[in-house]
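Structure first, commentary second.
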Amino acid sequence: MPPPEGMIALPPAIYLMGSRALEGLPEEKPMHEVVLAGFYLDRTEVTVAAYRACVAAGACTPAHTGESFCPGDAPDKANHPISCIDFHQAEAYCAFAGKRLPTEREWEYAARSGNEHHKFSWGDDPPDEKHACYDHPGSCPVASFPAGGFGLHDMSGNVWEWTSTVYGPYPDVATTGTHRVYRGGSWSRRFPKWLRTALRNRYEPHKWSASLGVRCAKSQTPLTCPPDTEARGGACVRVKGEPLCEPGRSWNGKACSLRGVVLPARAEATTSPAGASTATPDAPASPAPVHRTRTPRFDDDCKAHYAGHPAAYRYEGGTFYSRNPVIAGDGCTKRDMGENWTSACCSG
């Protein structure tokens, strides 16, 4: 069957998900095999116009307002991606369209061009103004840039995208939890790391951001499964052959190993980053109070991007949320962030 209008058909696959042991962030590991049935995915992110039609039909609630970059009722934003919607609103829109939210597995497979494992949706070249809507004052009209893997637009950049998946550690799929996964990077990010296709992020379902939107998926019927698998319980399950392992490792009968010895994922000095300034889950509080240290190596970046705030500092301790009022109280502006630190530009 041809794909529904505006959607791309993605073939069934056995796919290696995540980052290699010596690459990426801890939460992106271990690299592990997943089996995917064929599915459809929207060619572009859901537009403001499409979401307004859902609101007019009474099937969606209006997008949130209150952030300067929320699309609101601006007529010139009709072909921009909808944002300022929480997980429940994203889910409601996809149901209205006769679709569903993609799983995190489906999303990464689509963004990385399957087992080609592209670093960004278009390949491995770093993002710039020719590749994606990022480091940009607001969103861009959908499909403003060339399509990436599978003919999909804006899988890296423009707005982050909700998935249906509950956040949890790899390789298992969590069934309970407080946060939902979103992926893809956005216009609001200034550093290429945020647009990596393997980067995971999460948010509480009731929260929203001007840099977070949605793209819908749809299952193919009848269920189509890749070779060496069969349909069971509405999913595809491997029934023959050995599981795939990341390059350099092999299956030892129980797990992927290096020369027969299973190695743990490498510990990272840098903890996983937060995807957006308003979209980071609250981590358990550190016993240490919030404190800051001078980081002059970032002064030039502060001078270039934050007028009147030429001095760079690193804030650590507490939680992401408890650091925010300390940074604001010091008269500083957030520059970059991770799960356990925030970089800020200050007046002196």
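Output the residues belonging to the range 34-62 that are in contact with a helix residue (DSSP H, G or I) (Cβ under 7 Å, 6 or more places away or on another chain), in contact (Cβ under 8 Å) with a residue 60 or more places away in the chain and among the aliphatic types (A, V, I, L, M).
If the condition is that a residue be in contact with a helix residue (DSSP H, G or I) (Cβ under 7 Å, 6 or more places away or on another chain), in contact (Cβ under 8 Å) with a residue 60 or more places away in the chain and among the aliphatic types (A, V, I, L, M), then 34, 36, 41, 46 are the ones that fit.
Scan the range 228-250 for residues that are free of Cβ contacts under 8 Å to residues at least 24 places away in the same chain and either hydroxyl-bearing (Ser, Thr, Tyr) or farther than 27 Å from residue 24 by Cα (or both) and jot them down.
The answer is 230, 232, 233, 234, 239, 240, 241, 250.
Which condition number in (1) closer than 24 Å to residue 6 by Cβ; (2) out of contact with any Cys (no Cβ under 8 Å at 6 or more places or on another chain) is the one that residue 154 fails?
Result: residue 154 passes all but (2).
Counting only residues that are touching a His at 6+ places or on another chain (Cβ under 6 Å) and touching a residue at least 40 places away in the same chain (Cβ under 8 Å), give me the strands (runs of 3 or more DSSP E) lying completely in the range 284-348 with at least 1 of them.
Ranges flagged: 341-346.
Quick test of your reading of the structure: residue 200 fulfils all but one of (1) open to solvent by less than 30 Å² (accessible area, probe 1.4 Å); (2) of a type in the set (D, E, K, R); (3) more than 21 Å from residue 81 (Cβ to Cβ). Name the failing condition by number.
It is condition (3) that residue 200 fails.
Quick one: would you say residue 135 is open to solvent by 10 Å² or more (accessible area, probe 1.4 Å), of a type in the set (D, E, K, R) and in a loop (DSSP other than H, G, I, E, B)?
Considered against the rule, which asks whether it is open to solvent by 10 Å² or more (accessible area, probe 1.4 Å), of a type in the set (D, E, K, R) and in a loop (DSSP other than H, G, I, E, B), residue 135 comes out as yes.
Being in a loop (DSSP other than H, G, I, E, B) and open to solvent by less than 20 Å² (accessible area, probe 1.4 Å) is the filter here, so list the residues in the range 153-165 that pass it.
Start the filter on the range 153-165 by keeping residues that are in a loop (DSSP other than H, G, I, E, B), which leaves 153-159.
Selection gives 154, 155, 156, 157, 158, 159.
Name the residue, out of 221, 270, that is open to solvent by 70 Å² or more (accessible area, probe 1.4 Å), at pLDDT below 95, over 22 Å from the mean Cα position of the chain (by Cα) and polar (S, T, N, Q).
221
Taking helices (runs of 4 or more DSSP H) that fall entirely within the range 27-112, which contain at least 3 residues that are open to solvent by 20 Å² or more (accessible area, probe 1.4 Å)?
Of the helices (runs of 4 or more DSSP H) lying wholly inside the range 27-112, those with at least 3 residues that are open to solvent by 20 Å² or more (accessible area, probe 1.4 Å) span 48-56, 87-96.
The values are calculated or read from the model by the stated rules, or taken from the named source; none is laboratory data. This one's a predicted model, so the numbers in the text were calculated from it and none came from an experiment. With ideal geometry, Cβ positions are generated from the backbone for all residues, glycine too; neighbour counts draw on all protein chains shown. Ligands, DNA and RNA are excluded from the accessible area calculation, which covers all protein heavy atoms including side chains. Shrake-Rupley method; radii C 1.70, N 1.55, O 1.52, S 1.80 Å.
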